[in-house]
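The values are calculated or read from the model by the stated rules, or taken from the named source; none is laboratory data. Just so it is clear, the model here is predicted, and its values are computed rather than measured. Glycine gets a Cβ as well: all are built from the backbone with ideal geometry, and neighbour counts include every protein chain shown. When the accessible area is computed, the model is the full protein with side chains, heavy atoms only, and any ligands, DNA or RNA have been set aside. Shrake-Rupley method; radii C 1.70, N 1.55, O 1.52, S 1.80 Å.
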Amino acid sequence: MSNEFEKEIGLLKQRIKLQEEEIRHLKHDERLLRQKHRRLVQKYGDLLYTFEWTVKTFEKKEQALTDVKRKYEVVNKKYRRLVQSKAGKAILKAQAVARRIRK
């Protein structure tokens, strides 16, 4: 009877050691996963910041392009008026002659 108890105790101790070892492995794995999670969160934050910065930059460039288009339309409209009117054609011819004389 005592021999059976000792065997049982030995088996239980062995199971306890295995479970403690498994707990150590699980704790180690948990620590690695937390580190991985922290790194992923950091990368996500960096990507999110980069994306927001890209969007803001794009919006600024788009606004600048809109402004340039508006200015071009104004200048183009003035030029068309000049080219289409008799007085405008005369002014352009006078400017061309003045440029030739300056050279």
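So is Leu40 out of contact with any strand residue (DSSP E or B) (no Cβ under 7 Å at 6 or more places or on another chain), in a helix (DSSP H, G or I), open to solvent by 90 Å² or more (accessible area, probe 1.4 Å) and modelled with pLDDT of 95 or more or not?
Working: out of contact with any strand residue (DSSP E or B) (no Cβ under 7 Å at 6 or more places or on another chain): yes; in a helix (DSSP H, G or I): yes; open to solvent by 90 Å² or more (accessible area, probe 1.4 Å): yes; modelled with pLDDT of 95 or more: yes.
Taking the combined requirement at face value, the residue satisfies it.
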Notebook entry, point to check: Of everything in the stretch 1-19 that's charged (D, E, K, R) and surrounded by 10 or more Cβ atoms within 10 Å (Cβ to Cβ), which residue is nearest to the chain's Cα centre (by Cα)?
Noted result: Lys17
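This table checks each residue for (1) touching a helix residue (DSSP H, G or I) at 6+ places or on another chain (Cβ under 9 Å); (2) charged (D, E, K, R).
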| position | (1), (2) |
| --- | --- |
| Glu20 | no, yes |
| Val41 | no, no |
| Glu62 | no, yes |
| Ala87 | no, no |
| Leu92 | yes, no |
